[in-house]
Structures are given as C-alpha cells and as structure tokens.
Amino acid sequence: MIQKERLVNTFLELTAVDNPSYQERAMCDALKKRFTSLGFSWQEDDAAQAIHGNCGNVYGFLKGNAPELTPVLLVSHMDAVSPAVHKKAVRHADG
C-alpha cells in the first residue's frame, strides 16, 4: 500500500539535492544510501571518467523470490536542468 505522506516526503528530499549536469555526486550518494536502506545492492559504473563528471551511473538491484517473473527495470536521470542547486519543491495545502 502506498503511504502518501512518505512518498511526498521522499519527493521533497530528493528534489532538494543539488544535482547539476556532470555534478551529480550528491544525488548518486543519496540514491545509494536509499538503496541500501531498502535492502537493494547497488553498483556504480565508471561513466564519470568518460564524461568528465563526478559520478557514474548507479544501478540498484533487488533480488526477487519468484524466478518465474520477468525482471523490471526503472531508469532515471540523476541531473536536473537549471536551477539545479539551492532548489526547494513547493508543497501547497491542496497537494
């Protein structure tokens, strides 16, 4: 069951992380910490070297217990368009 308040708080926390292009280390570290707390293993590749950034791509893995099910892959960028620093999501009373 989705816990609306927890989902909103997670969104607010992650959108507050500074993450301009090629400078996503803070977001990468936040995701790795969250993956670990949720029981995921994770791996960071060496893409930073190729793009002259400060972090690679991070992959989270959660082992399932139903081998007959097809794996699911979710993909997202870790960077944001400007302004990508000192930003804060606005939450209105009506949601």
Cα gyration tensor shape for region 1-40, rounded if a/c is under 1.5, else prolate or oblate:
oblate
Under 5 Å, built H, 5+ apart or other chain: amide partners of residue 42:
61
At most 16 other C-beta atoms within 10 Å and a DSSP loop state: those are the exposed chymotrypsin sites (Phe, Trp or Tyr not before Pro) I care about. Give me the longest piece of the chain that has none.
41-95
Local net charge near residue 32, Cβ-Cβ under 14 Å (Lys/Arg +1, Asp/Glu -1)
-1
In nm, give the distance between the simple-model label positions of residue 23 and residue 86, each being 7 Å from the Cα along the Cα-to-Cβ direction.
1.1
From the phi angles alone, apply the Karplus equation (6.51, -1.76, 1.60; θ = phi - 60°) to region 16-21 and give each ³J(HN,Hα) in whole Hz, x where the residue is Gly or Pro.
7, 6, 5, 7, x, 3
Residue 57's amide H: which non-local residues (gap 5+, or another chain) put their own amide H closer than 5 Å, with H modeled 1.01 Å from N in plane and none for Pro or chain starts?
45, 47, 48
Using a 1.4 Å probe and ignoring any ligands, DNA or RNA, find the accessible area of residue 44 and quote it in Å² to the nearest 10.
50
Before rounding to the nearest 500, sum -39500 (n - 2.57) across all DSSP H runs of length at least 4 in the chain and divide by the residue total; then give [θ] at 222 nm in deg cm²/dmol.
-9500 deg cm²/dmol
Of all trypsin sites (Lys or Arg not before Pro) in region 14-95, which ones are in loop regions per DSSP and have a Cβ with at most 14 other Cβ atoms within 10 Å?
63, 87, 88, 91
What ³J(HN,Hα) values, in whole Hz, does the Karplus curve 6.51 cos²θ - 1.76 cosθ + 1.60 give for region 87-92 when θ = phi - 60°, with x put for Gly and Pro?
9, 8, 5, 9, 10, 8
In Å², rounded to a whole number, the accessible area per residue of the chain with probe 1.4 Å is 83
The chain, Gaussian network, Cα under 10 Å: of 36, 15, 70, the residue fluctuating most is 70
According to the square roots a ≥ b ≥ c of the eigenvalues of the Cα gyration tensor, what is the shape class of region 15-60, taking rounded for a/c under 1.5, prolate for a/b larger than b/c otherwise, and oblate for the remainder?
oblate
Checking 46, 18, 79 against a Gaussian network model of the chain (alpha-carbon springs below 10 Å), the top fluctuating residue turns out to be 46
Once you sort the root eigenvalues of the Cα gyration tensor of the chain as a ≥ b ≥ c, which label holds: rounded (a/c under 1.5), prolate (a/b larger than b/c) or oblate (the other case)?
oblate
Net charge within 14 Å of residue 88 by Cβ-Cβ distance, Lys/Arg positive one each and Asp/Glu negative one each, not counting residue 88 itself?
0
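The values are calculated or read from the model by the stated rules, or taken from the named source; none is laboratory data. Everything numeric in this text was worked out from a predicted model, so none of it was measured. Methodologically, a virtual Cβ is constructed for each residue, glycine included, from the backbone with ideal geometry; neighbour enumeration extends over all protein chains shown. Just the protein is used for accessible areas: all its heavy atoms, side chains included, with ligands, DNA and RNA removed. Shrake-Rupley method; radii C 1.70, N 1.55, O 1.52, S 1.80 Å.
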